[in-house]
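One structure is given below, encoded as structure tokens.
The values are calculated or read from the model by the stated rules, or taken from the named source; none is laboratory data. Just so you know, these numbers come straight off a predicted model, no measurement behind them. No Cβ is skipped: glycine too gets one built from the backbone with ideal geometry, and neighbour counts run over all protein chains shown. These accessible areas exclude ligands, DNA and RNA; they are computed on the full protein's heavy atoms, side chains included. Shrake-Rupley method; radii C 1.70, N 1.55, O 1.52, S 1.80 Å.
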Amino acid sequence: MNAAPADQIRLLDVQALDVRLQQLAHKRKSLPEHAEIESLTKDLTQLRDLLVAAQTEESDTAREQTKAEQDVDQVRQRAARDQQRLDSGAVTSPKDLENLQREIVSLAKRQGDLEDVVLEVMERRESAQERVAELTERVGAVQGRIDEATARRNAASGDIDAEAATVTKEREVIAASVPADLLKLYDKLREQQGGIGAAKLYARTCQGCRQELAITELAEVRKAAPDTVVRCENCRRILVRTSESGL
């Protein structure tokens with residue numbers, strides 16, 4: 001393949017812009033905010049799971065407290081009815097009186113036990129409520145940090161995207177001045193060679209693979225016409241000759 005030396009040198013300009021686009025893409029992907037957001041999101045997920053568990057516990061203890069208070073109220077009402085019967089004098093049989101008094105005493109003990117249960121449940125519910133409040137605050141704080149990191153990431157990405165758009169336009173302009181067949185070969189090699197399709201020959205060294213040309217290869221490059229598109233024997237990239245090639 002043949003191409004004017006000026007076109008080959010313009011290919012290096014295209015390559016430099018492609019490298020810059022690669023750098024910008026890597027920079028965008030490697031923004032520290034990505035890892036920060038990922039870590040914070042994991043923390044947020046764990047906190048939300050804990051919050052759901054705490055809310056479930058609070059809801060369960062609320063029902064348990066309601067049930068315990070109802071039990072106390074039932075015992076209290078039954079004891080009040082028994083005391084009313086006792087005070088009314090309607091029960092005259094000594095045995096019935098003894099049974100009624102024994103039941104009142106038993107109900108009083110039962111009421112005391114149930115009231116202890118209510119207190120114990122209330123303490124657990126209060127603890128669960130405090131836990132819910134604490135976790136709700138922590139979830140809000142972590143979400144705030146995620147929002148702040150997201151805003152920073154979006155701002156940084158926007159700057160990178162703006163620069164990438166400028167570089168892309170510049171690349172399109174320069175690439176349009178490169179012969180189509182040369183550009184096609186370059187793009188093919190760039191895809192195969194990790195983003196580098198053309199390299200400068202500098203001081204007898206290929207800047208693509210950083211290998212110094214062998215004596216025989218150097219002789220062939222020297223003999224090649226200026227418009228001949230030469231390739232590096234080692235990496236097969238397009239080798240662009242300049243005044244700094246050391247030929």
Problem - Inter-residue pairs, beta-carbon under 8 Å, first closer than 20 Å to ASP71 by Cα and in the stretch 83-109, second open to solvent by 50 Å² or more (accessible area, probe 1.4 Å) and of a type in the set (S, T, N, Q), 6+ apart - result: ILE104/GLN83
Practice task
Please indicate, with yes or no, whether at least one residue in the stretch 189-203 is in a strand (DSSP E or B), open to solvent by less than 40 Å² (accessible area, probe 1.4 Å), hydroxyl-bearing (Ser, Thr, Tyr) and without any contact (Cβ under 8 Å) to a residue 60 or more places away in the chain.
Solution key: no
Problem - First in the stretch 144-160 and closer than 18 Å to LEU24 by Cβ and in a helix (DSSP H, G or I), second anywhere and open to solvent by 60 Å² or more (accessible area, probe 1.4 Å) and basic (Lys, Arg), Cβ under 7 Å, 6 or more apart - result: SER157/ARG28; ILE160/LYS27; ILE160/ARG28
Practice task
For the stretch 165-180, state whether one or more residues are in a helix (DSSP H, G or I), over 29 Å from the mean Cα position of the chain (by Cα), without any contact (Cβ under 8 Å) to a residue 60 or more places away in the chain and surrounded by 17 or more Cβ atoms within 10 Å (Cβ to Cβ).
Solution key: no
Exercise for the section: Name the single residue, out of those in the stretch 204-247 being among the hydrophobic types (A, V, I, L, M, F, W, C), open to solvent by 20 Å² or more (accessible area, probe 1.4 Å) and outside any loop (DSSP other than H, G, I, E, B), that is farthest from LEU183 (Cα to Cα). Expected result: ILE215
Handout entry: So ASP87, is it open to solvent by 90 Å² or more (accessible area, probe 1.4 Å) and in a helix (DSSP H, G or I)
Key = yes
Exercise for the section: Out of the residues in the stretch 2-51 that are in contact with a Ser or Thr (Cβ under 8 Å, 6 or more places away or on another chain) and outside any helix (DSSP H, G or I), state the one that is surrounded by the fewest Cβ atoms within 10 Å (Cβ to Cβ). Expected result: ASN2
Handout entry: Any chance GLN55 is touching a Leu at 6+ places or on another chain (Cβ under 9 Å), in a helix (DSSP H, G or I), at pLDDT 95 or above and open to solvent by 80 Å² or more (accessible area, probe 1.4 Å)
Key = yes
Practice task
Would you check which residues across the stretch 195-232 are out of contact with any helix residue (DSSP H, G or I) (no Cβ under 9 Å at 6 or more places or on another chain) and over 21 Å from ASN2 (Cβ atoms) and list them?
Solution key: TYR202, ALA203, THR205, GLN207, CYS209, ARG210, GLN211, ALA214, ILE215, THR216
Completion exercise
Matching residues in the stretch 38-67 (among the charged types (D, E, K, R) and touching a helix residue (DSSP H, G or I) at 6+ places or on another chain (Cβ under 7 Å)) number 5
